[in-house]
Amino acid sequence: MTQIQKAGLTRRTLLRTSAMAAVGTLAAPSILRAQSSEIVIGCAGSHTAWMDEIVAPHMKETIGADILFEGTKSSVNLEKMASNKDAPYLSVVQMDDPVMIQAVEADLLTPITADAVPNMTDLRADAVHMDGMWCNYVQPWAGVAYNTDFAEGVPSWEALWAPENAGQVIIPSLQNTEGMWTMFVAAMLGSGKPFSEAQYEVDAAFAKLEELKPNLLSVYTTMSQAFNLLEQGEISMLAGNFSSYTLPRKAEGVPVDLAAPKEGIFAMPSGICLVKGGPNPELAQAYVNEMLGETMQAAIADFASSVPANTTVTAGAVIPEGVEIYSPDWAFVAENRRAWIERFDKLMAL
């Protein structure tokens with residue numbers, strides 16, 4: 001494992017921070033005069049713990065914003081934006097990359113620009129998408145979560161299919177983005193091809209998934225409920241789980257851990273975007289700027305055991321060594337996901 005340490009204060013950081021503070025001092029009164037201080041943020045349900053504990057107090061102190069979080073699946077956030085397109089109530093949404101593509105296609109987003117959000121200039125090049133339609137602010141990795149009272153590890157994804165694990169496995173629905181990981185693994189195992197090719201072998205994936213049914217206790221759409229069963233020892237493995245969920249629970253003394261099987265793990269970029277026509281646009285831009293800045297990037301990465309997107313930050317993420325880290329063709333996923341969900345739901349009905 002590679003432990004990344006937090007960066008120190010540099011002259012460049014100090015200069016930029018001082019400049020931003022001066023701008024903020026001048027700009028904040030006009031924001032408060034012109035707008036309410038309350039903004040609604042759509043985010044993943046599994047993120048609400050650190051959003052409440054870390055993000056909300058920081059935003060109140062730095063930009064004077066009262067943050068209301070609506071935690072749910074990315075697909076639900078997309079539905080909210082689409083159904084309220086003419087009168088948006090969300091100002092910012094944090095959701096997965098494949099759903100971001102759909103939001104762009106539906107003309108639901110307004111671009112993030114460096115003029116309004118200067119911290120985006122410090123992001124990795126691969127963290128800014130479609131000319132700023134959204135940015136990645138953090139990147140958990142995904143593997144197989146397991147109960148340490150029943151197993152010492154999960155060396156291979158094949159363990160999900162092992163006969164001795166009958167009734168001991170839960171996987172995500174394809175309605176959840178993390179459900180794609182089990183599908184892609186099934187494609188690799190079923191086709192025998194490397195990930196770069198196997199991710200397009202959809203029939204092989206579904207054939208392999210059908211073989212998994214005897215080992216499944218259930219398929220989840222609400223991850224917290226499935227994770228509770230893992231913690232309680234009702235199951236031994238939970239496929240496709242995130243470092244941002246499993247590792248903080250491990251640190252709290254819960255008997256769980258996250259395996260990086262030999263076939264590889266998955267990068268799970270979390271995106272942030274501005275809702276087109278959303279209320280309090282200046283405050284929304286200030287929120288995004290803070291989320292992409294050094295303080296929030298380090299705090300979130302440490303709390304959620306994730307990799308920061310800001311290149312000036314090296315925070316406390318733990319990254320597995322010696323395994324491939326895969327990122328799929330998200331455009332291919334977005335194009336086919338609805339059909340895959342229908343096929344999956346019919347196949348995996350338990």
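Between I325 and Y89, with labels modelled 7 Å along Cα→Cβ, what's the label distance in nm to one decimal, could you check?
For the pair I325/Y89, the computed spacing is 3.8 nm.
Tell me the label-point distance for the pair T222, T121, using the 7 Å Cα-to-Cβ offset, in nm and rounded to one decimal.
4.6 nm
Just report the Cα centroid separation between region 193-248 and region 161-182, whole Å.
2 Å
Go ahead and estimate [θ] at 222 nm for the chain from helices alone: -39,500 (n - 2.57) per DSSP H run with n ≥ 4, summed, over the residue count, rounded to 500. Show your work: numbers first, answer last.
On the way: 12 runs with 136 residues, N = 350.
My calculation for the chain gives -12000 deg cm²/dmol from helical runs alone.
Can you work out the Karplus-derived ³J(HN,Hα) for every residue in region 209-215? Use 6.51 cos²θ - 1.76 cosθ + 1.60 with θ = phi - 60°, whole Hz, and x for glycine or proline.
With the stated coefficients, region 209-215 comes to 4, 4, 5, 7, 4, x, 8 Hz.
Can you pull the Rg over Rh of region 106-193, Cα-only, Kirkwood? The partial results should precede the final answer.
On the way: Rg = 19.1 Å, Rh = 16.7 Å.
In region 106-193, Rg relative to Rh is 1.14.
Of the accessible area of the chain, with the probe set at 1.4 angstrom, what percent is carbon plus sulfur?
On the way: 7710 of 14820 Å².
Answer for the chain: carbon and sulfur cover 52 percent of the accessible area.
If you place +1 on the Cβ of every Lys and Arg and -1 on the Cβ of every Asp and Glu, how big does the dipole about the Cα centre of the chain come out, in debye to the nearest 20?
Numbers: 21 positive and 41 negative charges, 122 e Å.
Roughly 580 debye for the chain.
Can you give the accessible area per residue of region 242-295, in Å², using a 1.4 Å probe?
Details: 1630 Å² over 54 residues.
Per residue, region 242-295 has 30 Å² of solvent-accessible surface.
For region 287-350, list log₁₀ I(q)/I(0) at each q in 0.24 Å⁻¹, using the Debye formula over Cα point scatterers of equal strength and ignoring solvent, two decimals each.
Rounded to two decimals, the profile gives -0.91.
Could you check the spin-label model distance between V254 and Y200? Points 7 Å from the Cα along Cα→Cβ, value in nm.
Computed distance between label sites V254 and Y200 equals 3.9 nm.
For an R0 of 35 angstrom, estimate the FRET efficiency from the Cβ-Cβ distance between E158 and L229 and round to the nearest 0.05. Let's see the in-between values first.
Values: r = 22 Å, r/R0 = 0.63.
Calculated value: 0.95.
Could you tell me the largest-minus-smallest coordinate of the C-alpha atoms of the chain on each of the three principal axes, in descending order and whole angstroms?
Over the chain, Cα extents along the principal axes are 65, 44, 35 Å.
Just read off the accessible area of F332 with the full protein assembly in place, 1.4 Å probe, to the nearest 10 Å².
In the full protein context, F332 sits at about 40 Å².
Using the Karplus curve 6.51 cos²θ - 1.76 cosθ + 1.60 with θ = phi - 60°, work out ³J(HN,Hα) for each residue of region 227-241 in order, rounded to whole Hz, and write x for Gly and Pro.
Result, rounded to whole Hz: 5, 4, 5, 5, 4, 7, x, 6, 10, 9, 9, 10, 6, x, 7.
Under the √(5λ) rule applied to the eigenvalues of the Cα gyration tensor, what semi-axes describe the equivalent ellipsoid of region 244-350? Give them in Å, descending.
Values: eigenvalues 154, 122, 43 Å².
Calculated on Cα positions only, the semi-axes equal 28, 25, 15 Å.
The values are calculated or read from the model by the stated rules, or taken from the named source; none is laboratory data. Computed from a predicted model, the values in this text were never measured in an experiment. Backbone-built Cβ (ideal geometry, glycine too); neighbour counts: all protein chains shown. With ligands, DNA and RNA removed, areas are computed over all heavy atoms of the protein, side chains included. Shrake-Rupley method; radii C 1.70, N 1.55, O 1.52, S 1.80 Å.
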